[in-house]
Amino acid sequence: MNQSSPSRATRLFAHRYGPFWLLLAVFLAISLLTRLALLVKTGLAAEPGPGNLLQIFGLGLAFDLVAASYFFIPLIVFLFLVPDRLYRWAPFRWFLLAGTVVWIFIMLFNAAAEWTFWDEFGSRYNFIAVDYLLYTHEVIGNIMESYPVGPILAGLAIVSLAVAWALRHWLWASHHVRSHYTGRAGWLVLFLILPFLAFSLVDFRLKDLSANRYVNALSGNGVYEFFAAAYNNELDYATFYYSLPPEQAFARLRELLPTRHARLASDDPRDLTRIVSHPGPEKRLNVILISVESLSAEYLTRFGENGGITPRLDALARQGLLFTNLYATGTRTVRGLEALALSIPPTPGQSIVKRPANEGLFALGEVFRAKGYEVRFLYGGYGYFDNMNDFFDGNGYQVIDRVAIPAERIHHENIWGVADEDLFTQALIEADKAHAAGRPSFMQLMTTSNHRPFTYPEGRIDIPSKSGRKGGVKYTDWAIGDFIDRAATRPWFADTVFVIVADHCASSAGKSDLPVNRYQIPALFYSPKHIPPGEFDRLTSQIDLAPTLLGLLNFSYRSRFFGYDMFDLEPGRERAFISTYQDLGYLRGDRLVKLDPRRGRGVYRPDFDDGSAVRVEDDPQMVTDAVSWYQVAAWAYGHGALRWIPQ
C-alpha cells in the first residue's frame with residue numbers, strides 16, 4: 001500500500017482521529033453481535049415481536065453510542081496529544097496496530113464477560129457486577145474453576161490479532177495526514193462535550209420502556225450499565241423514592257406492626273418497639289438455622305420438581321413444618337442474611353450487612369444471647385467476603401469461618417469454601433461444645449456448595465462433581481441429610497430445632513422487574529419431639545422467620561423486628577417483600593406494589609408461574625402500606641431506630 005496516498009476504501013479514515021472512527025465501528029459491531037447473541041439465548045422469553053425488536057436494536061444503538069462517548073475518551077486524548085512528527089514516524093504504525101489489538105481484545109473480553117454474566121443472572125451488568133469487584137479473589141477463582149479461561153483468552157487474543165491485521169490499511173490511513181494541534185482541538189472539544197452531555201441528559205432507566213424486563217436489559221449496553229450501577233449503588237430512600245409525610249408513614253406502620261402478643265411499647269409516634277409477651281414458660285431449645293445457598297422452592301418435589309434431586313429435604317419436609325408460600329427479600333446472599341438476622345424489609349442499594357455503622361443492631365443473635373445462649377455464625381468460606389465477619393461479629397455472634405477448619409477435616413473445597421459436609425462437621429463440634437458447657441446454643445450456618453462451579457466430593461451422589469446446578473442442589477441435599485443423621489446420634493438432638501431456609505433463589509431473571517416466581521423459597525422447621533409435621537400455606541416473608549422462630553420457642557422480649565410471628569398474626573394481614581437493589585416490591589394477595597427510584601409506584605397483578613406482571617388499577621391503601629414499610633425501615637436504619645435495646 002502507498003503510505004502517502006490512501007485508497008478510496010480507506011479515505012474515510014484518513015484523519016488524525018481515523019483510528020477512533022475505525023474502533024468505534026468495531027465497538028458498535030461487537031455490541032450489536034453481543035445483543036443479538038443474548039437475544040437468541042433468551043429466546044421467546046424476550047417476546048421478539050417488531051416493537052420489541054425495534055426497541056432492542058434501535059434504543060440499543062443509542063446506548064452503545066452513549067457508552068462509546070465514555071469508553072473512547074483515553075483514545076481521543078491520546079490521538080490529540082501525540083505530536084505530528086511522532087505520529088508520522090514509520091514505526092509508529094506498528095504501535096498503532098498493537099494498541100488496536102489491545103482495544104479489540106478489551107471489547108471482545110467484555111462481550112465474553114457479558115455472556116457469562118447473562119448466563120448466571122439473566123441481566124446486563126448491574127449492581128452485582130460492581131459488588132463483585134470488591135472480592136476479586138473469590139470472583140476470579142470462581143471464573144477460573146467454572147470456565148476454560150486459558151483457551152477462551154487465547155481465542156480472544158487470536159481473534160483480536162486477526163481483526164486488527166485485517167483492518168490495518170484502514171488504521172494506517174491516517175498515518176500520512178499532516179495534523180496540527182489547532183486543527184484537531186475542535187474535534188477534541190466536541191468529543192469531550194459528548195460524554196458530559198450524556199452524563200447530564202441520559203439516565204440508564206430511559207431504556208425501561210417495555211413491560212418485559214429482558215427487552216429492557218437487551219436495549220442497554222453492558223459497559224454503560226456497569227458504570228451506571230457503580231454510580232447508583234447507594235440509593236437514599238427519601239431522595240429517590242415516593243414518600244409519605246413522615247407522621248403518616250409512622251402512624252400507619254404503628255397500626256400494622258402489633259399482633260396479639262406484641263404491643264407497642266410507648267406512645268412515642270416514632271417508636272416502633274413492641275413488647276412481645278407470651279404466657280407460659282419459654283422453651284430453651286437449641287436452634288440450628290441453616291441458610292442454604294440458592295435453594296429455589298422449585299427444586300423440592302412439593303413445589304413441582306420431578307427429578308428427585310432433593311430426596312432428603314423432601315423427607316424432612318414431610319416430617320417437619322414446611323412453609324409453602326414463603327418469599328425471599330432479595331437476590332443476593334447478603335439480603336437473605338439481612339432478612340434472617342435483622343427481620344427488616346430490604347432497603348434500596350447495599351444490604352445493611354455491607355454498610356457502615358451496622359454493628360450493635362437488634363439482631364436475632366442478640367436476642368438469643370440475652371436469653372443465655374451461646375451464639376455462633378458459621379461459614380465455610382472466608383467471612384471477609386460480603387463483610388459477613390464484621391457484621392455478625394458486631395451483632396452478637398461468635399464468627400467461625402474457613403480459618404477455623406483444619407485441613408485434615410476437609411474433604412473438598414473450591415474458591416467459595418469447604419464442602420457443605422465439612423461445614424456441618426464443624427457445626428457438630430460447636431454444638432457438642434455448647435452442650436458440654438451446659439448452655440443452650442443458637443447457630444446460623446451459611447452453605448456454599450450450591451454455587452458455581454458446583455464442585456463437591458465424588459461418590460456422595462449419582463451426579464458427578466462440576467455437572468451444573470442440579471448436582472450442586474443434590475449434593476447440598478445429601479449433606480443436609482447426612483448432617484441430620486449425624487446430629488441424631490448426639491444427646492442434644494431431641495431438644496434442638498433445625499430451621500432450613502434458602503438465602504435466595506438460584507435465578508433472579510424473569511419477564512418483569514420483580515418476577516415473583518424467582519423469589520419463592522422453601523423453609524422448614526424440623527424438631528420431631530417439639531414440632532408436629534404439617535404445612536403452613538399463608539403468605540410469609542423471609543423477614544418473618546426470626547420472630548416466628550422466637551414465637552415457637554414462646555420467648556418474651558422487647559422487639560425492633562419488622563417481621564411478624566406468623567402464628568400470632570390474624571389471617572388477612574399477610575404480606576411479603578421482594579426487591580432488587582433498586583426496585584422494591586410489596587406483595588399482598590394477588591397484587592404487587594412496585595416502587596422505583598424515580599419516585600414511581602404502581603400496582604400489578606403478577607403471574608406466579610411465569611413471573612410476568614400486568615399493571616392494574618391503583619390501590620391507594622396498598623400503595624400507602626408499601627411506602628410506609630419501606631420508608632420507615634430506611635429511616636430506622638439511618639436514625640438509630642434499629643439499635644439493640646436492653647432486655
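The values are calculated or read from the model by the stated rules, or taken from the named source; none is laboratory data. Note that this is a predicted model, so its numbers are computed, not measured. Ideal geometry is used to build each Cβ from the backbone, glycine not excepted, and the neighbour counts take in all protein chains shown. Ligands, DNA and RNA are excluded from the accessible area calculation, which covers all protein heavy atoms including side chains. Shrake-Rupley method; radii C 1.70, N 1.55, O 1.52, S 1.80 Å.
Overview of results
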| read-out | value |
| --- | --- |
| Extension gain (nm, one decimal) between Y70 and R490, 0.36 nm per residue minus Cα-Cα | 145.0 nm |
| Amide H contacts under 5 Å for R643, placed H, 5+ residues apart | F362 |
| The chain: calculated mean residue ellipticity at 222 nm from DSSP helix runs of at least 4, using -39500 (n - 2.57) | -13000 deg cm²/dmol |
| Segments 580-587, 335-342, 37-44, 597-604 sorted - mean Cβ within 10 Å per residue, highest first | 335-342, 580-587, 597-604, 37-44 |
| DSSP beta bridges in the chain [antiparallel fraction, %, rounded to 5] | 60 |
| Karplus-derived 3J(HN,Hα), 6.51/-1.76/1.60, for each residue of the stretch 267-272, Hz, glycine and proline x | 9, 4, x, 10, 9, 9 |
| Debye log10 I(q)/I(0) for the chain, one point scatterer per Cα, at q = 0.05, 0.11, 0.12 Å⁻¹ | -0.27, -1.09, -1.24 |
| Kyte-Doolittle mean at least 1.6, axial Cα span of 30 Å or more - DSSP H helices of the chain | 18-42 |
| Solvent exposure ordering (accessible area, 1.4 Å, most first) of H411, H435, H15 | H411, H435, H15 |
| J(HN,Hα) series, the stretch 585-591, from Karplus relation 6.51 cos²θ - 1.76 cosθ + 1.60, nearest Hz, glycine and proline x | x, 10, 9, 8, x, 9, 10 |
| Ranking by accessible area, most exposed first, for E47, E430 with a 1.4 Å probe | E47, E430 |
| In Å², nearest 10: area of I275 left accessible to a 1.4 Å probe | 40 |
| Area accessible to solvent at K433, 1.4 Å probe radius, in Å² | 110 |
| Label-point separation, I429 to S467 (7 Å along Cα→Cβ), nm | 3.1 |
| Extension gain (nm, one decimal) between V189 and I645, 0.36 nm per residue minus Cα-Cα | 158.3 nm |
| Per-residue SASA entry for W89, accessible area with 1.4 Å probe, Å² rounded to 10 | 140 |
| Charged-residue dipole, Cβ positions (Lys, Arg, Asp, Glu), the chain about Cα centre, Debye nearest 20 | 1760 |
| Amide H partners (placed H, <5 Å) of T273, local residues excluded | A265 |
| Positive dipole terminus of the chain, leading residue within S527, N387, G365 (C-beta point charges) | N387 |
| Distance between modelled label sites at E247 and A357, nm, 7 Å Cα→Cβ extension | 2.5 |
| Other-chain or far-sequence residues with amide H under 5 Å of V418's (modelled H) | G381 |
| Percentage relative contact order, the stretch 199-353, counting C-alpha pairs under 8 Å, at least six apart | 17 |
| Length-normalised contact order of the stretch 97-213 in % [C-alpha pairs under 8 Å, at least 6 apart] | 36 |
| Label-point separation, R318 to V77 (7 Å along Cα→Cβ), nm | 6.7 |
| Share of carbon and sulfur in the accessible heavy-atom surface of the chain [1.4 Å probe, %] | 61 |
| Relative contact order (%) - the chain, alpha-carbon pairs under 8 angstrom, separation at least six | 19 |
| Total charge dipole magnitude, the stretch 98-245, about the Cα centre, Cβ charges on Lys, Arg, Asp, Glu only, Debye to nearest 20 | 860 |
